[in-house]
Amino acid sequence: MARYIVRRLMLAVLTFFCITVIVFFISYMAPGSPLDYLLANSNMSAQEVEQRAAQLGLDKPVYVQYFSWLKELMHGNLGYSYREYRSVKEMIGERLGNTLLLTFSSLLIAYLVAIPVGIHSARKPYSMSDFTFSTVALVAMALPAFFIGMFLTWIFSAKLGWLPMSGMYSSDVDKSAVDLLKHMVMPVTCLALQQVGNVMRQMRSSMLEVLSEDYIRTARAEGLSEMRTVYTHALRNALTTIVTLFGTSLPFLVGGAVVTEQVFSWPGIGSLMVTSITTRDYPVIIGITVVVAIAVLLGNLIVDIVYGILDPKVRYD
Amino acid sequence: MTDEGGGEMKRKQNRQSYYADVFGKFRRHKLAMFSLCTLVIVILAVAFLPALLKLDPTKTGQGKSYLAPDGSFILGLDKLGRDNFARLLYGGRTSLLVGLLSTFISIIIGVPLGLCAGYFRGACEAVVMRMVDIFMVFPSMILILVLVSIIGPSVWSVTIIIGIMGWPNFARIVYGSVLSVSSKEYVESAQAVGASHLRILKDYILPNAISPVLVTTTFRTASAILEEASLSYLGMGVQPPAASLGNILNDAQSITTLTMRPWFWIPPGLLLMLIVLSINFIGDGMRDALDPKMKV
């Protein structure tokens, strides 16, 4: 087991370096260098700018620049925003919690709805209720987040006046939990709708597979109750799917709410990403990408390790 | 010589009867058939209606700004006095074209990579499948936005970027079906008589991957259309004056339009949902029809 974990860990580190190379290359290709900004916004002479470039190491070959960037990254320095003159780490840090609040709640709701429904569909495959649920799942997957968001706002804020239109709090002074919950209802609904179809389908197909296994037939032959068979024997073996699903949702938790956050002006990572792109604030864009990449790798690693624990066959591949 | 010709003909007949069977099953799938009809109607409408009705989506100042629907403009006018109905049809056209073209790009990249990973195994498999893992879990919207921010938003850049992002879907599905057949006797016997890798891949392995690729194509087209619409909604996709279902909704972000002029933003949203849903249902029906185990 230890060897298996070490191998996965090494693979993750290797992948991380590949991603940093790609991300650095992207930022290198990005139009405009930090110097353009200095040139446009100060009265430095060309010579002074050249000096500044040497100071920043921008006259060095690309690979040298890459390693110095990587060194800073390892120390947790993601650079400084061109627009706000603040550290990118700080900007991401203060919004990450807001995004996690939104994505985590929506994922929880999606799981609570989709897992029982998926199991139910798998127990009676091709029945009327299975057909209905599968159709509903397909419909949910086809809903464009921004349109649903606008539609919800139109009905529940403009017409009925039940829910606030956007943001996290109604005022900066009064930050009550009730107010926050009211603001969360629509974005969370919107995001949960996006997730629910996929989780339902995955749960159904993995449960369907497990239910056709010999040991389930044995359990039934031994006269175990249907509930016992499904919820202890089958569900335990279908758990790997939930683990995979959760591992693959980690990146979504960090950065998956771009459109929804934009629709409801939610102050999270996603809306920061959109603002940074419109203002061409590359350090912030790259910073968010690196943070999401780390989440992706951690997610993959957790899935691999939990898989190794749940299924001994995996360890020896 | 004649014998070989006979064999060829028989194979053709077998294949025909297989596809006749598949088509028969698909036809009995009511929701899929209904969606196919809907999609055909939408395609015909966006392809021919603009020319038939002489609609112009970019002509400004055709009347008062934000004119409500009336006899001559059934969906009214937008801020610049452009015909909303014309923009709706052209937007639908953009969505379908971007969806199909980008999926085509994904197929061109993904299918060969999946074939190589599954057939040659080894290092090729390790690299390709690891890349698939990473691409599949990376929130695609973030990556697409980063790339758009560098290349710059336009119909073409969006099509190409969404196309590139879609390759892992195809690589994974092809890889799976290659693995399931590459140890079969007929592949081994082809290898034993010394057929080239290219020949084996083309004649013995690829045909098995066609059904899953077809199904993936439909689902991928649907998500590509949604991705383009989301990008355009954020203002990072198709740029005005060109119309896209997403950028029409971008214009409707102001509170007055959202609350007072539903005729302006609801039709493009509904058309988008109609297109994506029909394609998804067609894909679902196709999956059931192509699955030999399913009896409809």
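The values are calculated or read from the model by the stated rules, or taken from the named source; none is laboratory data. Keep in mind that what you see is a predicted model, and the values were worked out from it rather than measured. Methodologically, a virtual Cβ is constructed for each residue, glycine included, from the backbone with ideal geometry; neighbour enumeration extends over all protein chains shown.
Looking at A:M184, A:M168, can you tell me which residue is closer than 28 Å to B:V137 by Cβ and modelled with pLDDT under 80?
Residue meeting the stated conditions: A:M168.
Per-residue answers, yes or no, for (1) within 28 Å of B:S211 (Cβ to Cβ); (2) among the β-branched types (V, I, T); (3) surrounded by 16 or more Cβ atoms within 10 Å (Cβ to Cβ); (4) at pLDDT 90 or above:
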site	(1), (2), (3), (4)
B:G5	yes, no, no, no
B:V40	yes, yes, no, yes
B:L44	yes, no, no, yes
B:P50	no, no, yes, no
B:K59	no, no, no, no
B:S65	no, no, no, no
B:T103	yes, yes, yes, yes
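If B:I160 meets every condition in (1) closer than 18 Å to B:E125 by Cα; (2) modelled with pLDDT of 90 or more; (3) of a type in the set (A, V, I, L, M, F, W, C) apart from one, which number is that one?
Every condition holds for B:I160 apart from (1).
Please work out which one of (1) under 30 Å from A:L245 (Cα atoms); (2) assigned to a loop (DSSP other than H, G, I, E, B); (3) among the small types (G, A, S) is the condition B:G163 fails and give its number.
Result: B:G163 passes all but (2).
Just the residues that are part of a helix (DSSP H, G or I) and either of a type in the set (D, E) or surrounded by fewer than 22 Cβ atoms within 10 Å (Cβ to Cβ) (or both), please, taken from the range A:264-276.
Answer for the range A:264-276, where residues must be part of a helix (DSSP H, G or I) and either of a type in the set (D, E) or surrounded by fewer than 22 Cβ atoms within 10 Å (Cβ to Cβ) (or both): A:V274, A:T275.
Which residue out of B:V174, B:V181, B:V128 is of a type in the set (A, V, I, L, M), more than 22 Å from the chain's Cα centre (by Cα), assigned to a helix (DSSP H, G or I) and more than 14 Å from chain A (Cβ to nearest Cβ)?
Step by step, each of B:V174, B:V181, B:V128 is checked, and only B:V181 is of a type in the set (A, V, I, L, M), more than 22 Å from the chain's Cα centre (by Cα), assigned to a helix (DSSP H, G or I) and more than 14 Å from chain A (Cβ to nearest Cβ).
With respect to the numbered conditions (1) crowded, with 20+ Cβ neighbours inside 10 Å; (2) within 26 Å of A:I294 (Cα to Cα); (3) away from chain A (no Cβ under 12 Å), which one is the sole condition not fulfilled by B:L115?
It is condition (2) that B:L115 fails.
Go through the range A:79-91 and report how many residues are out of contact with any helix residue (DSSP H, G or I) (no Cβ under 6 Å at 6 or more places or on another chain) and part of a helix (DSSP H, G or I).
Here the count works out to 3.
Does A:L191 satisfy being within 23 Å of the chain's Cα centre (by Cα), in a helix (DSSP H, G or I) and at pLDDT below 85?
no
For the structure I just gave you, tell me whether B:I144 is hydrophobic (A, V, I, L, M, F, W, C), in contact (Cβ under 8 Å) with a residue 40 or more places away in the chain and within 14 Å of chain A (Cβ to nearest Cβ).
Spelling it out, B:I144 is indeed hydrophobic (A, V, I, L, M, F, W, C), in contact (Cβ under 8 Å) with a residue 40 or more places away in the chain and within 14 Å of chain A (Cβ to nearest Cβ).
B:P212 versus (1) in a helix (DSSP H, G or I); (2) within 11 Å of chain A (Cβ to nearest Cβ): which is the lone unmet condition?
(2)
Give me the pairs, please: first residue somewhere in the range B:116-134 and touching a residue at least 12 places away in the same chain (Cβ under 8 Å), second residue anywhere and of a type in the set (D, E), beta-carbon distance under 7 Å, and either six or more positions apart or on two chains.
If the second residue must be of a type in the set (D, E), the pairs left are B:A117/B:E125.
Counting only residues that are small (G, A, S) and in contact (Cβ under 8 Å) with a residue 60 or more places away in the chain, how many does the range A:65-103 have?
Matching residues across the range A:65-103 total 2.
Test of understanding: among B:A224, B:A229, which residue is part of a helix (DSSP H, G or I) and touching a Pro at 6+ places or on another chain (Cβ under 7 Å)?
Just a single option satisfies the conditions, and that option is B:A229.
Give the range A:110-139 a look and list any residue that's assigned to a loop (DSSP other than H, G, I, E, B) and either aliphatic (A, V, I, L, M) or free of Cβ contacts under 8 Å to residues at least 24 places away in the same chain (or both), or say none.
A:K124, A:Y126, A:S127, listed by residue number.
Of the residues B:A209, B:A222, only one is farther than 25 Å from A:A142 by Cβ and crowded, with 22+ Cβ neighbours inside 10 Å; which?
Of the residues listed, the single one that is farther than 25 Å from A:A142 by Cβ and crowded, with 22+ Cβ neighbours inside 10 Å is B:A209.
List the number of the failed condition for A:L143; all other conditions in (1) over 30 Å from B:T259 (Cβ atoms); (2) surrounded by 15 or more Cβ atoms within 10 Å (Cβ to Cβ) hold.
With respect to (1) over 30 Å from B:T259 (Cβ atoms); (2) surrounded by 15 or more Cβ atoms within 10 Å (Cβ to Cβ), A:L143 is out only on (1).
Quick one: which of B:L245, B:L249, B:L272, B:L231 is at the interface with chain A (Cβ under 10 Å from one of its Cβ atoms), touching a Ser or Thr at 6+ places or on another chain (Cβ under 6 Å) and closer than 20 Å to B:I144 by Cβ?
B:L245
Can you work out which of the residues in the range A:251-263 that are more than 8 Å from chain B (Cβ to nearest Cβ) and more than 11 Å from B:I142 (Cα to Cα) is surrounded by the fewest Cβ atoms within 10 Å (Cβ to Cβ)?
A:L253
Give me a count of the residues in the range B:246-296 that are over 30 Å from A:F131 (Cα atoms) and part of a helix (DSSP H, G or I).
Qualifying residue count, the range B:246-296: 16.
For A:T218, state whether it is within 14 Å of another protein chain (Cβ to nearest Cβ) and modelled with pLDDT of 80 or more.
So A:T218 does not fit the description; no.
Among the residues of the range A:157-188, how many are within 14 Å of another protein chain (Cβ to nearest Cβ), more than 10 Å from A:F264 (Cα to Cα) and in a helix (DSSP H, G or I)?
The number of residues fulfilling the criteria is 3.
Take the residues of the range B:134-160 that are over 23 Å from A:I269 (Cβ atoms) and in a helix (DSSP H, G or I): which is nearest to the chain's Cα centre (by Cα)?
Looking at residues that are over 23 Å from A:I269 (Cβ atoms) and in a helix (DSSP H, G or I), I get B:T159.
Considering every residue within the range A:241-248, establish whether at least one is away from chain B (no Cβ under 14 Å) and either out of contact with any helix residue (DSSP H, G or I) (no Cβ under 8 Å at 6 or more places or on another chain) or assigned to a helix (DSSP H, G or I) (or both).
Scanning the range A:241-248 turns up at least one residue that is away from chain B (no Cβ under 14 Å) and either out of contact with any helix residue (DSSP H, G or I) (no Cβ under 8 Å at 6 or more places or on another chain) or assigned to a helix (DSSP H, G or I) (or both).
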